[in-house]
Ligand SMILES: [Zn+2]
């Protein structure tokens, strides 16, 4: 079951595989006797396809990392067992508590789009949260190299990990998960819009080479800086709606101008901001 998606080497033995489905990126870091897989796709069939692609590059045993708890990044987890699966403590808790809900809504979405086969595969995906947990930082030895897992603050969710892969003289590769999004607006459904700009500022400060977003084309520090500016503009929009209605606990619904994103994305962001500020 090959979908023909190719690995792109973005640093010394650091690969990205960008998938047609959801424009999702997965990563592979190869050491001399071990490898690391970053995100596992959205059901066991897609995970098996990813495993086939990994095995065309390396025979080494893997360690897995989930960038965060969203279904499209981690519903393939159990195909990689019995390996260790790393994730942020909050992401593991989130997947354990919302996994069933996520599975039902993702399957509904797929079947609503006429993709009944995919819906059935999502329905069959086991919920398998990370069991090796990170709060702030972990340095993992992957053969002859070290990979740093860092929590840089809340943003797209409350448990996004940034994976920093040192590439010696060539700088580093950062896997940013959905903290960074290329080709589509960022996802605010579980976001913390007042924290996200500062978190992206830290990602920006860390970037010394390619930055791999959760979805879309590989970008760089400049792109992260631009997205941070967009998120700051969204934050200003949210603050304006709060100032305009100091006595309300629920967003009254009228959006001011000034958002860099489409109306639906902005509305979700504002509602999340209200929940954070007044919920
Ligand atoms: Zn996500």
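Figures for the structure shown
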quantity	calculated
Stretch gain in nm, segment residue 220-residue 32, where the contour uses 0.36 nm per residue and the Cα spacing is subtracted	65.0 nm
Part-to-part distance (alpha-carbon centres) for the stretch 232-266 and the stretch 83-126, which is given in Å	30 Å
Range of Cα positions in the stretch 105-178 per principal axis (Å), largest first	48, 24, 22
Gyration tensor over alpha-carbon atoms, the stretch 90-135, equivalent ellipsoid semi-axes in Å	25, 10, 7
The chain: radius of gyration over Cα atoms, expressed as a fraction of 2.2 N^0.38 Å	1.00
Theoretical gain in end-to-end length, residue 146 to residue 239 [0.36 nm per residue, Cα-Cα removed]	29.4 nm
Geometric extent, Cα atoms of the stretch 152-201 - Rg, Dmax (angstrom)	12.0, 38
Residue 139-residue 20 FRET efficiency (beta carbon distance; Förster radius 25 Å; 0.05 resolution)	0.15
Distance between the stretch 2-61 and the stretch 152-179 - C-alpha centres, whole angstrom	17 Å
Rounded FRET efficiency, nearest 0.05, which uses the C-beta distance separating residue 278 from residue 170 and R0 of 51 Å	0.65
Helix 221-244 axis, angle to the chain major axis (alpha carbon atoms, nearest 10°)	30 degrees
Space enclosed by the convex hull of the alpha-carbon atoms of the stretch 1-129, per residue, Å³	99 Å³
Stretch gain in nm, segment residue 113-residue 55, where the contour uses 0.36 nm per residue and the Cα spacing is subtracted	17.7 nm
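Laboratory data are not the source of any read-out in this text; all were calculated from the coordinates shown. Note that the structure is a prediction, hence the values are computed from the model and not measured. Please note: Cβ atoms are built from the backbone with ideal geometry, for glycine as well, and neighbour counts cover all protein chains shown.
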